[in-house]
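Colleague: Before I ask anything, let me first share the structure, which is written out below as structure tokens.
The values are calculated or read from the model by the stated rules, or taken from the named source; none is laboratory data. Note that the structure is predicted; figures quoted are calculated from it, not measured. Please note: Cβ atoms are built from the backbone with ideal geometry, for glycine as well, and neighbour counts cover all protein chains shown. Quick note on the areas: whole protein, heavy atoms, side chains included, nothing else; ligands and nucleic acids left out. Shrake-Rupley method; radii C 1.70, N 1.55, O 1.52, S 1.80 Å.
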Amino acid sequence: MSGTFTVINPATAQPIREIARAGADEVDAAIAAAVVAQRGWASSAPLTRADALRRFARVVEEHVEELAQLEVLNSGHPIGSARWEASHVAQVLNFYAGAPERLSGQQIPVAGGLDVTFHEPYGVVGIIVPWNFPMTIASWGFAPALAAGNAVVLKPAELTPLTAIRLGELALEAGLPEGLFSVVTGSGSVVGQRFVSHPDVRKVVFTGSTEVGVSVAAGCAQALKPVTLELGGKSANIVFEDADLERAASAAPGAVFDNAGQDCCARSRILVQRSVYDRFLELLEPAVRGFAVGDPTLEGTQMGPLISASHRSTVAGFVDGANVAFRGSAPDGDGFWFAPTVVLAERGDRIAREEVFGPVVAVLPFDDEADAVALANDTIYGLAGSIWTENLGRAVRVSRAVKSGVLSVNSHSSVRYWTPFGGMKASGLGRELGPDAAEHFTETKNVFFATDD
Ligand code: TAP
């Protein structure tokens with residue numbers, strides 16, 4: 001081990017626990033154990049793997065409260081959100097527990113024999129997870145990867161390792177073979193990089209910043225290793241003049257301030273048709289001021305602190321000199337608090353183009369449908385977005401024209417484990433979740449059996 005690092009409670013700025021920092025040798029040992037465990041796992045009956053994943057799901061269900069309390073402590077997520085996240089992990093496991101018996105290949109007509117395809121697991125999959133949704137994002141990788149017959153080595157972010165460590169323990173408690181699912185704590189530059197460079201890790205799943213994602217992809221390219229990337233976003237919440245403005249305004253704060261804006265799907269730009277711009281802001285103000293920011297252990301809290309002091313400085317830097325229209329409230333004192341902030345922005349402003357990853361939203365007016373689409377697409381990102389209109393034709397046209405992977409009309413939903421999730425442009429590569437995710441953790445093998453003598 002290369003020493004330890006300290007995990008901090010972001011709501012109090014107090015240390016919680018010291019965690020071992022793995023060096024390259026420990027990473028290599030986890031990968032070696034995964035190679036061995038994977039052979040047995042992949043050759044076990046599909047029903048055996050399905051049952052093991054269902055048991056894992058049941059054990060997670062039995063520990064939802066414990067996992068949720070850990071996430072409140074380590075990440076500052078409000079307890080209601082943290083319970084949803086822990087339950088979501090169990091649901092993702094249950095969903096992909098249905099995959100082992102369904103990974104059917106094809107039989108393709110070929111003269112002189114029988115041609116069939118198999119979905120072969122990659123072997124060992126390396127999953128690198130960020131600090132914003134430590135449990136849920138990990139499960140989007142490990143559940144389908146395991147279901148498809150792979151072993152998993154998981155690296156949580158150093159800021160938020162506690163729930164991932166506990167999930168690793170619960171996997172063993174549920175009876176998953178030793179070494180099949182290992183959680184390796186340590187820095188991205190050591191543990192994450194070893195996943196990229198180690199020849200026995202055959203696929204990498206990365207979620208985090210676009211900058212690191214590009215370097216992970218470049219490393220994977222050197223090793224001809226497939227990689228899935230879930231990166232940043234600057235998603236647009238587009239409000240047309242024919243929308244139900246009351247509903248759109250009351251839903252807008254949750255869509256950007258949930259998890260203190262530390263959400264790659266945050267609708268951090270609100271684009272409002274000029275004819276209803278003033279009215280929309282009038283309706284938005286009480287919704288923002290009423291957003292409950294505070295102690296994440298309390299049931300009614302909607303937003304907790306930012307993850308760290310340095311991240312709070314980065315977020316504050318975006319608001320310096322900006323045209324702030326109004327703000328919500330946040331507690332004083334220790335903890336990395338930042339009040340929800342609404343900024344009136346101009347096209348081209350930094351706040352209108354770059355990902356803040358904090359509770360700051362930029363509001364911009366647009367003229368007509370074509371202008372709305374152009375403005376929504378005027379970003380390097382393409383992850384999520386919302387369209388508010390009562391006009392069905394417009395909803396269809398705009399949702400097809402906005403270059404984002406996950407859109408919703410008259411709602412802000414982004415994540416359901418049974419529908420695909422992922423970004424276009426600089427927001428990522430590949431898709432997670434949905435009916436096909438387990439297949440994404442396999443390589444197709446074609447075998448021809450000659451029948452003619
Ligand atoms: P990153 O620095 O990209 O970290 C994400 C994960 O990658 C962490 O586990 C990190 O480990 C690891 N990592 C760092 N450098 C690595 C490397 N060279 N090779 C392999 N793995 C490496 O993101 P962050 O610091 O968590 O956040 C920075 C910004 O990223 C945010 O402000 C936001 O814009 C964006 N972000 C986006 C998302 C999503 S969901 N799209 C999530 C989080 C952050 P350690 O941190 O433990 O060293």
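Colleague: Between residue 69 and residue 445, 0.36 nm times their residue separation minus their Cα-Cα distance comes to what?
Modeller: Values: separation 376, 0.36 × 376 = 135.36 nm, distance 4.40 nm.
Gain in length upon complete extension: 131.0 nm.
Colleague: Using 0.36 nm per residue, how much length does the chain from residue 115 to residue 224 gain when fully extended, once their Cα-Cα distance is taken away? Before the final figure, lay out each step's value.
Modeller: Values: separation 109, 0.36 × 109 = 39.24 nm, distance 2.72 nm.
That pair, residue 115 and residue 224, stretches by 36.5 nm at full extension.
Colleague: So how do 195, 448 rank on accessible area, 1.4 Å probe, biggest first, that is with the largest at the start?
Modeller: 448, 195
Colleague: Same structure, new question: With axes computed from alpha carbons, what is the tilt in degrees of helix 134-147 against the longest principal axis of the chain, rounded to the nearest 10 within 0 to 90?
Modeller: Orientation of helix 134-147: about 30 degrees from the principal axis.
Colleague: Report the calculated FRET efficiency for residue 374 and residue 316 (r = Cβ-Cβ distance, R0 = 30 Å), to the nearest 0.05.
Modeller: 0.50
Colleague: Let me ask something else. Can you pull the accessible area of residue 81 for me, 1.4 Å probe, Å² to the nearest 10?
Modeller: In the full protein context, residue 81 sits at about 40 Å².
Colleague: Which of the peptides 379-386, 306-313 is most tightly packed, and how do the rest follow, going by the mean number of other Cβ atoms within 10 Å of each residue? Spell out each step's value before the answer.
Modeller: Working: 379-386: 25.6, 306-313: 17.4.
Descending mean neighbour count gives 379-386, 306-313.
Colleague: Same structure, new question: First select every other residue whose beta carbon is under 12 angstrom from the beta carbon of residue 371; then total the charges, Lys and Arg +1, Asp and Glu -1.
Modeller: Numbers: positive: 274, 347; negative: 367, 368, 369, 378.
Neighbourhood net charge equals -2.
Colleague: Quick one: net charge of residue 188's neighbours, Cβ under 9 Å, K/R +1, D/E -1?
Modeller: Counting the neighbours of residue 188, the net charge comes to 0.
Colleague: If R0 is 45 Å, what FRET efficiency do you get for residue 419 and residue 25 from their C-beta distance, rounded to 0.05?
Modeller: Working: r = 41 Å, r/R0 = 0.91.
Given R0 = 45 Å and the Cβ-Cβ separation, E is 0.65.
Colleague: Rolling a 1.4 angstrom probe over the protein heavy atoms, how many square angstrom per residue are accessible across the chain?
Modeller: Details: 17780 Å² over 453 residues.
That works out to 39 Å² for each residue.
Colleague: For the range 253-328, rounded, prolate or oblate, judged on the Cα gyration tensor with a ≥ b ≥ c (square roots of eigenvalues), a/c < 1.5 rounded, else prolate if a/b > b/c? If you can, show how the numbers build up before the last one.
Modeller: Numbers: a/c = 2.00, a/b = 1.37, b/c = 1.46.
Since a/c reaches 1.5 but b/c is at least a/b, the shape of the range 253-328 is classed as oblate.
Colleague: What net charge is computed for the residues neighbouring residue 232, neighbours being all others with C-beta under 12 Å from the C-beta of residue 232, Lys and Arg scored +1, Asp and Glu -1? Don't skip to the end; give the middle numbers.
Modeller: On the way: positive: 234, 353, 425; negative: 211, 230, 263, 354, 355.
Net of charged neighbours comes to -2.
Colleague: Decide, for the range 13-62, between rounded, prolate and oblate: order the square roots of the alpha carbon gyration tensor eigenvalues as a ≥ b ≥ c, take rounded if a/c falls under 1.5, and otherwise choose prolate if a/b is larger than b/c, else oblate. Mind showing how you got there, number by number?
Modeller: Details: a/c = 6.74, a/b = 1.37, b/c = 4.92.
Oblate.
Colleague: Considering lysine pairs in the chain that are 8 or more places apart or on different chains, how many have Cα atoms under 16 Å apart?
Modeller: Details: 155/203; 203/225; 234/403; 234/425; 403/425.
Close lysine pairs under the 16 Å cut-off: 5.
Colleague: Between residue 211 and residue 62, take the C-beta separation as r, use R0 = 51 Å, and let me know the FRET efficiency to the nearest 0.05.
Modeller: Values: r = 39 Å, r/R0 = 0.77.
It comes to 0.85.
Colleague: At 1.4 Å probe size, put 166, 102 in order of accessible surface, largest to smallest.
Modeller: Values: 166 45, 102 175 Å².
Result of the area sort, largest leading: 102, 166.
Colleague: For residue 354 and residue 326, calculate 0.36 nm times their separation in residues minus their Cα-Cα distance, and state this gained length in nm to one decimal. Present the calculation step by step, with values, prior to reporting the outcome.
Modeller: Working: separation 28, 0.36 × 28 = 10.08 nm, distance 2.04 nm.
Full extension from residue 354 to residue 326 adds 8.0 nm.
Colleague: Please determine, in degrees from 0 to 90 and to the nearest 10, the orientation of helix 79-96 with respect to the longest principal axis defined by the Cα atoms of the chain, where the helix direction is its Cα long axis.
Modeller: Once rounded, one gets 30 degrees.
Colleague: Report in % the part of the accessible area of the range 211-322 that belongs to carbon and sulfur, leaving out ligands and nucleic acids; probe 1.4 Å. Numbers along the way, then the final one.
Modeller: Values: 2230 of 4260 Å².
Looking at the range 211-322 in its full context, I get 52 percent from C and S.
Colleague: Name the shape class, rounded, prolate or oblate, that the alpha-carbon gyration tensor gives for the range 236-416, where a ≥ b ≥ c are the square roots of its eigenvalues, rounded holds for a/c under 1.5, and otherwise prolate holds if a/b is larger than b/c and oblate otherwise.
Modeller: Details: a/c = 1.71, a/b = 1.59, b/c = 1.07.
Because a/c hits 1.5 or more and a/b exceeds b/c, the range 236-416 counts as prolate.
Colleague: How tilted is helix 162-173 with respect to the longest principal axis of the chain? Cα atoms for both, answer in degrees (0 to 90, nearest 10).
Modeller: Value to nearest ten degrees: 30.
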